[in-house]
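Asks: I'd like to ask you about the structure that follows.
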Amino acid sequence: MRVIDSHSHIYLETFHQDLSDVIIRAQKAGIEKILLPNIDDTTISQLLNVCNQWENYCFPMMGLHPTSVKEDYQIKLNSIKKELNQNTKRYIGIGEIGMDLYWDKSYVKEQRIVFKEQLDWAITYNLPVVIHSRDAFDEIFSILDTFEENSITGVFHSFTGTEKELRKALSYKTFFIGINGISTFKNSTLLDLVTMIPKERLLMETDSPYLAPTPMRGKRNEPSFITHTLIKLAEVYALSAEELGVITIKNTNRLFRKLK
């Protein structure tokens, strides 16, 4: 089967000792490309090192993750913007951005400011966004609604919202929905919602090293594990894993235009 891992953090320390093996397993499993969203100013060099070593296989994005937004957010944001300005052609998207009110609600105002500014970058640089939303869909939607319709393209990464939230997310016609191993969890209701997602707007992802799918739960997640999620989703769509994989490759290439 063939598929693209549209969201992975294989540049993090947990992969430093065996990343070559991880890449080999991914290639053998049929993963054609791995897309790497940034986290903050401390991860840029690691991200670029991986993308330099596996050029044309690992593709970088640049952004500031909401859980890294603290009092010094402007310093971090300036570093991210400087990197984006200096190497605009290198990056395929703005990410990982968004809001996260699950771990800490102390910086809601700052997260709003950072999210909105990075959405502005997406328009300026004509790049898609990768949106992280945890316990924050109302905030995310309220900010997106301030922008002109269809002015921003992107993906709601690792979607775990309600039916109402999914309908709202799908109302943004230039956005896709990213589904990962959470959909395979025994206690997850996500599979009940998946069929609401038109297959032409579905992206596959791992979010490695997090959220390893069943039957790999409890292990460090890696791109090759995406096949377990793909097989599960293909059953829901009444397609073969090969068919759904090809569809999601086309979707990923359509959103991230620089991959073509």
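The values are calculated or read from the model by the stated rules, or taken from the named source; none is laboratory data. As the structure is a prediction and not an experimental result, all values here were calculated from the model. No Cβ is skipped: glycine too gets one built from the backbone with ideal geometry, and neighbour counts run over all protein chains shown. These area figures cover heavy atoms from the full protein model, side chains too; ligands, DNA and RNA do not enter into them. Shrake-Rupley method; radii C 1.70, N 1.55, O 1.52, S 1.80 Å.
Asks: At 0.36 nm per residue, and after removing the present C-alpha to C-alpha distance, how many nm does the segment from ASN85 to ILE24 gain when stretched out fully?
Replies: 18.7 nm
Asks: Moving on to the next point. Given N residues in region 20-68, what is Rg(Cα) / (2.2 N^0.38 Å)?
Replies: 1.23
Asks: Please calculate the 1.4 Å probe accessible area of ASP18, with all protein chains present, and give it to the nearest 10 Å².
Replies: 40
Asks: Take every Cα-Cα distance within region 192-231, group them into 10 Å bins from 0 onward, and report for each bin the whole-number percent of pairs it holds.
Replies: Histogramming region 192-231 at 10 Å steps yields 28, 48, 23, 1 percent.
Asks: Let me ask another. Contour minus end-to-end for THR124 and TYR57, with contour as 0.36 nm per residue of separation and end-to-end as the Cα-Cα distance?
Replies: 21.5 nm
Asks: What part of the accessible area of region 170-260, given as a whole %, is carbon or sulfur when the probe is 1.4 angstrom?
Replies: Reported share for carbon and sulfur atoms: 56 percent.
Asks: Would you mind computing Rg(Cα) / (2.2 N^0.38 Å) for region 46-127, counting N as its residues?
Replies: 1.13
Asks: Determine Rg/Rh for region 117-181; Rg is computed over alpha-carbon atoms and Rh is the Kirkwood hydrodynamic estimate from the same atoms.
Replies: With Rg and the Kirkwood Rh in hand, the quotient comes to 0.93.
Asks: Hey, what does the equivalent ellipsoid look like for region 68-189, semi-axes from the Cα gyration tensor as sqrt of 5 times each eigenvalue, largest first, whole Å?
Replies: 24, 18, 14
Asks: 7 Å from Cα along Cα→Cβ at both LYS219 and LEU239: what's the point-to-point distance in nm?
Replies: Placing both labels 7 Å along Cα→Cβ, they lie 2.6 nm apart.
Asks: Right, here's the next one. So how long is each side of region 115-260 along the principal axes, counting just the alpha-carbon atoms, biggest first, in Å?
Replies: Taking max minus min along each principal axis of the Cα atoms, region 115-260 gives 41, 34, 28 Å.
Asks: Further question: How many percent of the alpha carbon pairs in region 1-95 exceed a separation of 22 Å?
Replies: Every Cα pair in region 1-95 considered, those over 22 Å come to 29 percent.
Asks: Enumerate the residues in region 122-142 having an amide nitrogen under 20 Å from the point lying 7 Å beyond the Cα of THR189 toward its Cβ.
Replies: 133-139
Asks: When the chain is treated as a GNM, springs tying every alpha-carbon pair under 10 Å, which of GLU139, GLU200, GLU149 comes out with the largest mean-square fluctuation?
Replies: GLU149
Asks: With contacts defined as alpha carbon pairs under 8 Å and 6 or more residues apart, what's the relative contact order of the chain in percent?
Replies: Dividing the mean separation by the residue count of the chain yields 20 percent.
Asks: Mind checking the alpha-carbon convex hull of the chain and giving the volume per residue in Å³?
Replies: Per residue, the Cα convex hull of the chain comes to 116 Å³.
Asks: Describe numerically, in nm with one decimal, the distance between label points set 7 Å from Cα along Cα→Cβ at ASP104 and at LYS164.
Replies: Going from the ASP104 label point to the LYS164 one covers 2.9 nm.
Asks: Based on the Kirkwood radius over alpha-carbon pairs, what value in µm²/s does the Stokes-Einstein equation return for the translational diffusion coefficient of region 178-260 at 10 °C and 1.306 mPa s?
Replies: Calculated translational D: 123 µm²/s.
Asks: Enter the accessible area per residue of region 51-176 (Å², integer; probe 1.4 Å; all protein chains in place).
Replies: 47
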